[in-house]
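A short worksheet on the structure shown next.
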Amino acid sequence: MENNIYKAPESELTPPNESPSELAPRGRRLLASIIDSLIVGVVTVPIMYLTGGFDGVSEGQQPSFLYALIIGFVSIAVFLAINFNLLKSSGQTVGKRALKIKIVTLDGELPEVGNHLLKRYAVFMLSGQIPFIGQYLSLINVLFIFGRERRCVHDHIAGTKVVSC
């Protein structure tokens, strides 16, 4: 009875070869970051102008630490207001979406947004607010992108990578 013509066909089912997503090119990551910064700047620069943030710049005076800290938090709030839903649904910011790249875990999954935001963006944004050394920490953070894995320090801390999509 092995020749039952009514028997369901049998075949070996193997999942298609899923190739890992291609790492995003460094230039597209840079351009996406610039786009995101320009969008945030459209909101924060007028706020700085209207609140006197540029007063004294021509005389070489810097705004107070408290003022810089407040503007830093305003910038973070604006960034989140614009990008939170995109980060949650697709692992992208406006700039990343425009350049067809996204943030994923090392396993290629969409990162959990709370953990992702705390680890990735807190390191990226808040380290730059530290007086005297913040700009150097930010520079070191982004210079890591020139490594073989193309991952910044904030990618390593968050367990993420940026891939083309």
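The values are calculated or read from the model by the stated rules, or taken from the named source; none is laboratory data. Note that the structure is predicted; figures quoted are calculated from it, not measured. Note that we place each Cβ from the backbone using ideal geometry, even for glycine, and neighbour counts take in every protein chain shown.
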Filter result for the condition that a residue is modelled with pLDDT under 90 and surrounded by 14 or more Cβ atoms within 10 Å (Cβ to Cβ), over 128, 95, 114: 128
Could you tell me which of the residues 11, 58, 21 is modelled with pLDDT under 90, touching a strand residue (DSSP E or B) at 6+ places or on another chain (Cβ under 6 Å) and either in a helix (DSSP H, G or I) or over 21 Å from residue 114 (Cβ atoms) (or both)? 21
How many residues of segment 135-160 are within 23 Å of residue 107 (Cβ to Cβ) and exposed (fewer than 13 other Cβ atoms within 10 Å of the Cβ)? The answer is 3
Among the residues of segment 46-64, are any under 30 Å from residue 146 (Cβ atoms) and surrounded by fewer than 17 Cβ atoms within 10 Å (Cβ to Cβ)? no
Take segment 24-42 and flag every residue that is crowded, with 16+ Cβ neighbours inside 10 Å, of a type in the set (A, V, I, L, M, F, W, C) and assigned to a helix (DSSP H, G or I). 31, 32, 35, 39, 40
